[in-house]
Amino acid sequence: MFAACEEEDKAVIGDEVIPPQMTSPSDGASIVVSETNMADELIITWEEADYGVDLAVTYTVEMDIKDNVFYAPAIVASTQENTATVTIEAINTMIISDLHQQANERSDVEFRVVATTEGLDDLTSPVVAGTVTTFQSAGDPAVVTTPAVGAESTITVANLMDKFSVEWSPADLGTSDVVYTVELVVGDASVVLGKTGETKLAVNNESLNYYLVGNLEQAGGAAVTASLQVTASSSTTDLKSELSSVVVNTLDATVPGRLYVPGGYQNWVPDVAPTLNQSGDIFDGFVYMNIETGFKFTSAPDWDHTNFGFDSEGVLTKDGDAAGLTYGPGFFRYQVDTVNLTYVASLVESFGLIGTATPGAWDSSTPMTYDEATDTWRATADLVVGALKFRANDAWDINYGVADITSLRGQLYFDGGSYDVKEDGNYTVILSFDTQKTPYQFNYEIIKN
């Protein structure tokens, strides 16, 4: 017997000590799991380790994927006997859930037995290799319930910001950890509307129109027949719903209208001025003005069309000789109604991160910093698993979320859903409200440092 010199040290194993030897299953064994053999048993046997003396020995049966060198094996059994019995269902579950292998596919696996006794080094058997073809029933797919099959929707300038909502029944994948991907399909082409852990998702009509006319190359100002499809995904399975047809009467424009904001802060040059984008009857956007400055709104990148000047606070005039508005310095949100000749100017003193993923949870924003050179808001912060949104001035009047809860970059949506932070860590978050780039949308990017 090899006694330890200190309690925490283990003795060196001598030549006469023999590790355990697996006798069943044999090397090269193959198991094909099916719905009918889940209750069958796999009997694992081995010759006991020989320490030269009688000792209390615990045997642990480990299983791992070939070439993983048992870095994080599944524990099949632990016993003081030289045999262990486990069901085929348990082996199947370990391979899919613990070893993260795809269901209904063959996996190359390895087994070994580790002998452990107090005060001595562990003894490990030679590896026995084999294959297991896992099984998982297809389950039940999601079913699109809203909009109804064949429902018709019409996009107009007045309803660009209205929500186009998709809802569906939950899929049954045998787990509650399911992510749904919603796609808009025309013929053989498709575009992803978003991803969510819920059973509903909404995009505004402006985005829907762009997806159809811009991405899927359908005609503007026409009745387009498309289909909605929801894919339910777990860690091991993807299951698609049946296609659900809809008819969308598109708007004859791939991008919204624009209102230009020339002023003294950029030398009164309309064709290079920041723009506000049309959202229904309202033009909406953000402009950074580095000085207190006069400015106007123009309907074109020149002075030859309609330009809107200052009438009174909150009121515009089309009189081309009228004075301009005066605001600044700062980062402003402007909302302009060119029909009723009104406007709202909101100073954005800060943007911030908000949600359970942030240090302030839902109670207080983690501040971002405006970068004038890139016209972006940025923050580097420690985030935890949880929800993440973005809001201005530590309030909810101006807040944005995302359509795809899993995408590290994408379009910002006013009052949209929360991004799902999946891993604790240090992140850099960037918000861009640049309206000069196609497709004229506000964007976010999340970078794990």
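The values are calculated or read from the model by the stated rules, or taken from the named source; none is laboratory data. Because the structure is predicted, anything quoted here is derived from the model rather than measured. Cβ placement follows ideal geometry from the backbone for every residue including glycine, while neighbour counts extend to all protein chains displayed.
Only a single item in (1) at pLDDT below 95; (2) within 27 Å of Gly197 (Cα to Cα) is not met by Asp371, and it is number (2). The residues of the range 156-173 that are farther than 17 Å from Gly416 by Cβ and loosely packed, with under 14 Cβ neighbours inside 10 Å, listed by number, are Thr156, Ala158. Here Ala357 meets the list (1) crowded, with 18+ Cβ neighbours inside 10 Å; (2) free of Cβ contacts under 8 Å to residues at least 60 places away in the same chain; (3) farther than 20 Å from Met289 by Cβ; (4) of a type outside the set (Phe, Trp, Tyr) almost entirely, failing just condition (2). Only residues in the range 428-445 that are under 16 Å from Ala403 (Cα atoms) and assigned by TED's automatic domain parsing to the domain that holds Ala357 count as the first member; pair them with residues that are of a type in the set (Lys, Arg) and modelled with pLDDT of 90 or more, Cβ under 6 angstrom, at least 6 apart or cross-chain, and list the lot. Cβ pairs passing all conditions: none. When the range 246-256 is limited to residues that are surrounded by fewer than 16 Cβ atoms within 10 Å (Cβ to Cβ) and either of a type outside the set (A, V, I, L, M, F, W, C) or part of a loop (DSSP other than H, G, I, E, B) (or both), the one that is modelled with the highest pLDDT turns out to be Asn249. When residues in the range 153-165 are screened for being at pLDDT below 90, of a type in the set (A, V, I, L, M, F, W, C) and in a strand (DSSP E or B), 0 of them pass.
Restricting to the range 38-69, name every residue that is aromatic (Phe, Trp, Tyr) and modelled with pLDDT of 95 or more.
Our first condition is that a residue be aromatic (Phe, Trp, Tyr); within the range 38-69, this holds for 46, 51, 59.
Listed by number, the residues that qualify are Trp46, Tyr59.
Taking the conditions (1) assigned to a loop (DSSP other than H, G, I, E, B); (2) farther than 15 Å from Ile354 by Cβ; (3) of a type in the set (A, V, I, L, M) in turn, Ala395 satisfies each one other than (2). If the condition is being under 26 Å from Ser137 (Cβ atoms) and of a type in the set (Val, Ile, Thr), then the range 53-101 contributes Ile65, Ile75, Val76, Thr85, Val86, Thr87, Ile88, Ile91, Thr93, Ile95, Ile96. If you go through the range 42-76 and keep only what is surrounded by fewer than 13 Cβ atoms within 10 Å (Cβ to Cβ), assigned to a strand (DSSP E or B) and under 42 Å from the mean Cα position of the chain (by Cα), you end up with just Ile75. I'm trying to understand the selection: among the residues of the range 203-223, which are in a loop (DSSP other than H, G, I, E, B) and either closer than 16 Å to Ala189 by Cα or outside the structural domain of Gly187 (by TED's automatic domain parsing) (or both)? Of everything in the range 203-223, those that are in a loop (DSSP other than H, G, I, E, B) and either closer than 16 Å to Ala189 by Cα or outside the structural domain of Gly187 (by TED's automatic domain parsing) (or both) turn out to be Leu216, Glu217, Gln218, Ala219. Considering (1) under 17 Å from Trp396 (Cα atoms); (2) assigned to a strand (DSSP E or B); (3) modelled with pLDDT of 95 or more, the lone condition that Ala379 does not fulfil carries the number (1). Checked against (1) over 30 Å from Gly309 (Cβ atoms); (2) assigned to a strand (DSSP E or B); (3) free of Cβ contacts under 8 Å to residues at least 60 places away in the same chain, Phe283 passes all but a single condition, namely (1). Does the range 338-352 include one or more residues that are in a loop (DSSP other than H, G, I, E, B), touching a strand residue (DSSP E or B) at 6+ places or on another chain (Cβ under 8 Å) and over 24 Å from Asn443 (Cβ atoms)? Scanning the range 338-352 turns up at least one residue that is in a loop (DSSP other than H, G, I, E, B), touching a strand residue (DSSP E or B) at 6+ places or on another chain (Cβ under 8 Å) and over 24 Å from Asn443 (Cβ atoms).
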